[in-house]
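To keep things clear, I will list the structure first and then write my remarks on it.
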Amino acid sequence: MELIKKLNFYKMISEIRRAEGISVWAHPLFHISRSEFESILPKAWNRGLDAVETYYSTYSQEDTAFLQSVCQRYSLLESGG
């Protein structure tokens, strides 16, 4: 969570949107838990988050399935890295 505070995660999403870019939350489960992710996501989505990385080398099949379901729920694009 400290990384998000340090970079002002929400402001960066807004700035990417303002620049007509596509904001992707890269490997969100690498640094935080699923419950932390779910508590942060609504505000990120309201700021204009476009996508979430659902495929990542350290993710389990369960992690990927969880993130895919969240993307469907919020109509977010999926990415892989």
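Data table
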item: For Glu78, solvent-accessible area (1.4 Å; no DNA, RNA or ligand), Å²; result: 80
item: Protein accessible area in the chain, 1.4 Å probe - carbon and sulfur %; result: 52
item: Cβ-derived FRET efficiency at R0 22 Å, Arg17 paired with Ser69, nearest 0.05; result: 0.35
item: Charge dipole magnitude, Cβ of K and R +1, D and E -1 - the chain, Cα centre, debye nearest 20; result: 380
item: ³J(HN,Hα) computed for each position of segment 18-28 - Karplus, 6.51 cos²θ - 1.76 cosθ + 1.60, integer Hz, glycine/proline x; result: 4, 7, 6, x, 10, 8, 10, 7, 6, 5, x
item: Cβ-derived FRET efficiency at R0 22 Å, Asn8 paired with Arg34, nearest 0.05; result: 0.45
item: Computed [θ] at 222 nm, deg cm²/dmol, the chain (DSSP H ≥ 4; -39,500 (n - 2.57); rounded to nearest 500); result: -16500 deg cm²/dmol
item: Solvent-accessible heavy-atom area per residue, rounded to whole Å², over the chain at 1.4 Å; result: 64
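The values are calculated or read from the model by the stated rules, or taken from the named source; none is laboratory data. Owing to the predicted nature of the structure, the values given are computational and were not obtained by experimental measurement. Methodologically, a virtual Cβ is constructed for each residue, glycine included, from the backbone with ideal geometry; neighbour enumeration extends over all protein chains shown. All accessible areas refer to the heavy atoms of the entire protein, side chains included, with ligands and DNA or RNA removed. Shrake-Rupley method; radii C 1.70, N 1.55, O 1.52, S 1.80 Å.
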